[in-house]
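Take a look at the structure set out below.
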Amino acid sequence: MNLLTDILSLTKDELTERLSKMGEKPFRAGQIYRWLHQKRVTGFEEMSDLSLTLREKLENEFTLCRIEPVRILKSQVDGTVKILYRLPDGNHIETVLMSYEHGDSLCVSTQAGCKMGCRFCASTIAGFKRNLEPSEILSQLYETERQTGRKVSSIVLMGIGEPLDNFDNVVKFLRILSSPDGANMSLRHVSLSTCGLVDRIYDLAELNLGLTLSISLHSPYDEKRSELMPVNRRYPITELMRACRDYFSVTGRRISFEYALIDGENDSLEDARALCGLVSGMPSHINIIPVNKIKERSYRSDRSSAQRFCKTLCGLGVNATVRRTLGADINAACGQLRREEEQKA
């Protein structure tokens, strides 16, 4: 039995090659690509300017990925929308749509679950299942715009999963996303957040895609960071910061550092001074985040402590801000809805 190819995961060049083998002319690839990524059809029968014969050939050769919204929560405070999606194989992921002055930003997942084991993160608790295909990452954009009627102007790869642990599929997603015949989104409007897979940071720098790299740091000390983030045992802070400086030297793109503040863990004056030393001389920005409350962990902080820590950093000459808390009334931080669904299952 032949497995059908996921057409939404193909680049335009790959689609052109496949259609050529089917006896179709190259211009057909552009036609079909625009139907898929601009008009965003949900079935081949909707491609009305293609012959019935070609549409039947597409049905026999390809499958068209669809993800199904299971739960949709909307904040009554700030309009944030959190959607739990069911993937074609029954796994679940989460997507969050957030509103800012510059437009709507979509936080997408890149894996069903996560292997990284960060202590304060809900995404890792329900366990890792598999990597997402390019089509499944892309479908979070298409389906969320379809469900909400809102236009997404930027994307953050900061949902469930570690993007650089799914490197090839994420890069392919980015190429499809930015294709002129596709969604045509500039990658300067995309931010990729990683816990610090150093070898993949170097790989990403070589591609020089133009996106913003965000590093989940959370402590300036190896011992504490290893406790919070097991990945640090493989890639300690010195190696990580060397990779960050290399990324900037190659791409010219400023690094953003995410710092989840935890009361009594990483919020001291000594922590602030050590953090300042780490980023000294490198164009960067530190995003202070009050840690998300999850029932399995006792970690706590609030916005006032985050603002105090931020003020300390700024006083030391560091570019820092406190991230806006969005969707607090719907637990918009990724991982919690998926965990509830997995527990029910």
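Taken together, the values in this text are just the output of simple stated rules run on the coordinates, not laboratory data. Since we're looking at a predicted model, the values are computed, not measured. Counting neighbours? That spans all protein chains shown, and the Cβs are built from the backbone with ideal geometry, glycine included.
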Q: Using θ = phi - 60° and the Karplus relation 6.51 cos²θ - 1.76 cosθ + 1.60, list the HN-Hα couplings for the stretch 244-260 in order, rounded to whole Hz, with x at every Gly or Pro.
A: 5, 5, 5, 4, 5, 5, 7, 9, x, 9, 5, 8, 10, 10, 8, 9, 6
Q. Taking one equal scatterer on every alpha-carbon of the stretch 5-63, how large is log10 of I(q)/I(0) by Debye at q = 0.13 1/Å?
A. -0.26
Q: Quick one: compute the contact order of the stretch 68-344, relative version, from alpha carbon pairs under 8 angstrom and 6+ residues apart, as a percent.
A: 19 percent
Q) If you rank THR325, THR5 by fewest surrounding Cβ atoms within 10 Å, what's the result? A) THR5, THR325
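How high is the relative contact order of the stretch 5-63, given as a whole-number percent (alpha carbon pairs under 8 Å, six or more residues apart)? Walk me through the intermediate numbers first.
Values: 32 pairs, mean separation 21.3, N = 59.
Result for the stretch 5-63 is 36 percent.
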(Q) Ratio of alpha-carbon Rg to the 2.2 N^0.38 Å globular estimate for the stretch 207-298, to two decimals, please. (A) 1.12
Q. Can you pull the semi-axes for the stretch 1-111, root of five times each eigenvalue of the Cα gyration tensor, sorted largest first, whole Å?
A. 33, 16, 12
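In µm²/s, what is D for the chain at 4 °C and 1.567 mPa s, where D = kT/(6 pi eta Rh) by Stokes-Einstein and Rh is the Kirkwood radius from Cα pairs? Display every interim value, and only then the final one.
Values: Rh = 21.2 Å.
Roughly 61 µm²/s, to the nearest whole number.
What's the extension gain from GLU206 to SER179 if we count 0.36 nm per residue and subtract their Cα-Cα distance?
Details: separation 27, 0.36 × 27 = 9.72 nm, distance 1.93 nm.
Between GLU206 and SER179, full extension yields 7.8 nm more.
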Q: Divide, for the stretch 171-215, the radius of gyration over alpha carbons by 2.2 N^0.38 Å, where N is the residue count.
A: 1.17
(Q) If neighbour count is taken as other Cβ atoms inside 10 Å, put SER139, SER154 in order from fewest to most. (A) SER154, SER139
Q) Going through the stretch 125-175, which trypsin sites (Lys or Arg not before Pro) have at most 16 other Cβ atoms within 10 Å and a DSSP loop state? A) ARG150, LYS151
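Going by how many other Cβ atoms sit within 10 Å of their own, how do SER193, SER109 line up, fewest first? Numbers along the way, then the final one.
Working: SER193 21, SER109 29.
Starting with the residue having the fewest Cβ neighbours, the order is SER193, SER109.
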